[in-house]
Amino acid sequence: MGDRWWRDAVLYQVYPRSFADANGDGIGDLAGVTERLEYLEWLGVDGIWLNPIHPSPNVDWGYDVSDYTGVHPDLGTLADLDRLVTEAGARGIRIVLDLVPNHTSDRHPWFRERPDFYVWSDEVPNNWESIFGGGSAWKFDDERGRYYLHNFAPGQPDVDWWNPEVRTEFERILRFWFDRGVAGFRIDVAHALIKDAQLRDDPVIPGLGMRRRYSMYRPETHDILREWHALAREYAPPRLLLGEAYSLEFEEWASYYGAGDELDLAFAFVLTHANLDAAEMRDVVAEVEAVLPTDAWACWTGSNHDIGRFASRWAKGDDALARCALIVLLGLRGTPCLYYGDELALESGVVSEDRILDVASPSRDPGRTPMPWTPDGGWHDPWLPLTDTRRNVEDQRADAGSTLHFTRDLIALRRRLGDLRSGRYEALPAPDGAWVWRRGAGTLVAVNLGMSAVAIHGVDGSIATCTDRVREGERVTGRLELAPAQGAVVTS
Ligand code: NOJ
Ligand code: CA
């Protein structure tokens, strides 16, 4: 395993505009992330994934890139990025960037200078629909007199990955960042790069709607991921390829790991679609474990800039349930990825109609509001509103009983216990409402997500971590009782 650093890592997603603002203009920036490295090191994370940092007209807040080797002036300069990589590295933290290869901005110079880099048609050739709504994924371009494909917003024309020169360009981009010490990429819509060569209609299944079989999920995309995998392995340590392979079909999702020669990690979004329910989640994890190729594992996440925050979706604002969710994410076999604020059990923010900046509907802005650093937020006139600062870093850092300290201690426990990091996962029989699993030989993880107290039999050891912290250190002899919304890690 050795140099595959992400196997031992806890990742932390930073939405750069909303994390920390060093120059006080209301927009988070790279220097802000650098200033907060002390905090992230204290928390114990090993890698930071930054959402796109490149120049962009911000139709989709960075996911419409106009220069893949630059830094957006709102966020800083290339020198700021280099400094972040160096200073994070000095603290044992790696920096992972976001690669957006499926589409560029329509303001990228390629769109005018290299039309052969995009997907065109004289007529609207098929029924493909834009993910962001608004109907057809084809838009007429006055200058060319032809239609171009945009699976997302019209300002995000899809790249033609059948063109070998496109591949060469992106290899150059990968190397540009890897050579600067960037530790890997999260790959946006990793399942969608190749479009059907014949541009066939996506099938419409009665009752289920459109299935994106031809506009996305083409088998030839695997060839590209394999090429990048080989390229990433030329570096020491190898660079991480973490895919947004968005499929809720287990086998399709797992296929993006190839035979261990494509993605190193893929977000298991299927878990985020489950309720915080023991039976539902246990079934999801059983399927995930069953389809993964040997020696591969999932990247577990509960929140991100698209789906919002698990403290709202799963825990409905209940801190005890949010701690159970943290035990799940950090206690499963895989690499956990926390979203900034998850460690505080931060809920999604409130963004009034007149403040919405997102191109998608429903708006994803509530999941992108600024990080609350202090009781008054610590921001000056931020780009998105910060209305609720009850959960903030300063208060929670000063309180050993806070969720922040709980998260930190859980991360530290994971680092200490080889079982929790890499032990095999085995679900154990459990009463209704509870989900119990063993990791490796000697570690047991249990969460009670139901409404009544449960007793789990056959458990011996001591409680290493508990959502209810007063129980830590308690001896368990044969029977572990858990109140509703309680979870624990028991070591033997
Ligand atoms: C997935 C990204 O996470 C999302 O924010 C973006 O809008 C789409 N891909 C398009 O790039
Ligand atoms: Ca700023």
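Projecting the Cα positions of Thr491, Gly450, Pro57 onto the charge dipole of the chain (unit charges on Cβ atoms of Lys, Arg, Asp and Glu, taken about the Cα centre) puts Thr491 furthest along the positive direction.
In sequence order, segment 104-109 has phi-based couplings of 10, 6, 6, 9, 5, x Hz under the Karplus curve 6.51 cos²θ - 1.76 cosθ + 1.60, θ = phi - 60°, and Gly or Pro positions carry x.
One decimal place: the segment Met451-Thr69 gains 132.4 nm when fully extended, by the rule 0.36 nm per residue minus the C-alpha distance.
For segment 293-352 versus segment 255-284, the spacing of their alpha-carbon centroids is 14 Å. For the chain, the per residue solvent-accessible surface stands at 37 Å², with DNA, RNA and ligands left out and a 1.4 Å probe. Shape class of segment 53-191 from the alpha-carbon gyration tensor: prolate, with a/c at 1.5 or above and a/b greater than b/c. Computed with a 1.4 Å probe on the full set of protein chains, the accessible area for Arg91 sits at about 90 Å². A probe of 1.4 angstrom, applied to the heavy atoms of all protein chains, finds Glu481 with accessible area near 90 square angstrom.
Grab the beta carbon distance between Val350 and Asn127, set R0 = 35 Å, and tell me the FRET efficiency rounded to 0.05. Efficiency for this residue pair is about 0.40.
Please compute the net charge surrounding Asp201, taking Lys and Arg as +1 and Asp and Glu as -1 over other residues with Cβ under 13 Å from its Cβ. Intermediate results must be reported in sequence, preceding the final value.
Details: positive: Lys195, Arg200, Arg211, Arg212, Arg213; negative: Glu129, Asp196, Asp202.
Around Asp201, the charge tally is +2.
In this label model, Asn23 and Ala290 are separated by 5.4 nm, measuring between points 7 Å along each Cα→Cβ vector. For segment 185-307, a crude dipole built from +1 on the beta carbon of Lys and Arg and -1 on the beta carbon of Asp and Glu, taken about the Cα centre, is about 280 debye to the nearest 20. Ranked by the mean number of other Cβ atoms within 10 Å of their residues, highest first, the peptides 391-398, 25-32, 375-382 fall in the order 25-32, 391-398, 375-382. Here the 3J(HN,Hα) profile of segment 263-272, calculated from phi with Karplus coefficients 6.51, -1.76 and 1.60 at θ = phi - 60°, is 5, 7, 9, 9, 4, 8, 5, 4, 5, 5 Hz, Gly and Pro shown as x.
In order along segment 231-248, the phi-based Karplus estimate (6.51 cos²θ - 1.76 cosθ + 1.60, θ = phi - 60°) of 3J(HN,Hα) comes to 5, 5, 7, 6, 9, 10, x, x, 8, 7, 10, 10, x, 7, 9, 8, 9, 8 Hz; Gly and Pro are listed as x. Scanning residues 5 or more positions from Tyr246 or on other chains, those with amide H under 5 Å from its amide H are Ala190, His191, with H placed 1.01 Å from N in the peptide plane. Just to confirm a number: summing +1 for Lys and Arg and -1 for Asp and Glu over residues other than Ala488 whose beta-carbon lies under 11 angstrom from that of Ala488, what do you get? Here the charged neighbours net out to -1. Were the residues from Asp388 through Glu472 laid out at 0.36 nm apart, the gain over their Cα-Cα distance would be 27.2 nm. Decide, for the chain, between rounded, prolate and oblate: order the square roots of the alpha carbon gyration tensor eigenvalues as a ≥ b ≥ c, take rounded if a/c falls under 1.5, and otherwise choose prolate if a/b is larger than b/c, else oblate. Taking the square roots of the gyration eigenvalues as a ≥ b ≥ c, the chain is prolate. A simple charge model with +1 on the Cβ of Lys and Arg, -1 on the Cβ of Asp and Glu and nothing else charged puts the dipole of the chain at about 1360 debye relative to its Cα centre.
With a simple spin-label model that places each label point 7 Å from the Cα along the Cα-to-Cβ direction, the separation between Asp223 and Arg200 comes to 1.8 nm.
Looking at the square roots a ≥ b ≥ c of the eigenvalues of the Cα gyration tensor of segment 1-95, which shape do they give, rounded for a/c under 1.5, prolate if a/b is larger than b/c, or oblate?
Working: a/c = 2.01, a/b = 1.51, b/c = 1.33.
Prolate shape, in that a/c is at least 1.5 and a/b is the bigger ratio.
Basic side chains Lys and Arg get +1 at the Cβ, acidic Asp and Glu get -1 at the Cβ, and with that the dipole of segment 28-101 about its Cα centre reaches some 180 debye. Glu143 contributes about 120 Å² of solvent-accessible surface, heavy atoms of the protein only, 1.4 Å probe.
What net charge do the residues around Ala230 carry, taking every other residue with its C-beta under 14 Å from that of Ala230, with Lys and Arg at +1 and Asp and Glu at -1? Summing Lys/Arg as +1 and Asp/Glu as -1 gives -2. Which residues in segment 230-273 place their backbone N less than 20 Å from a point set 7 Å from the Cα of Arg175 along the Cα-to-Cβ direction? Residues passing the 20 Å test: 230-241.
The values are calculated or read from the model by the stated rules, or taken from the named source; none is laboratory data. This is a predicted model, so every value here is computed, not measured. Note that we place each Cβ from the backbone using ideal geometry, even for glycine, and neighbour counts take in every protein chain shown. Remember, those area values only see protein heavy atoms, side chains included, never the ligands or the DNA or RNA. Shrake-Rupley method; radii C 1.70, N 1.55, O 1.52, S 1.80 Å.
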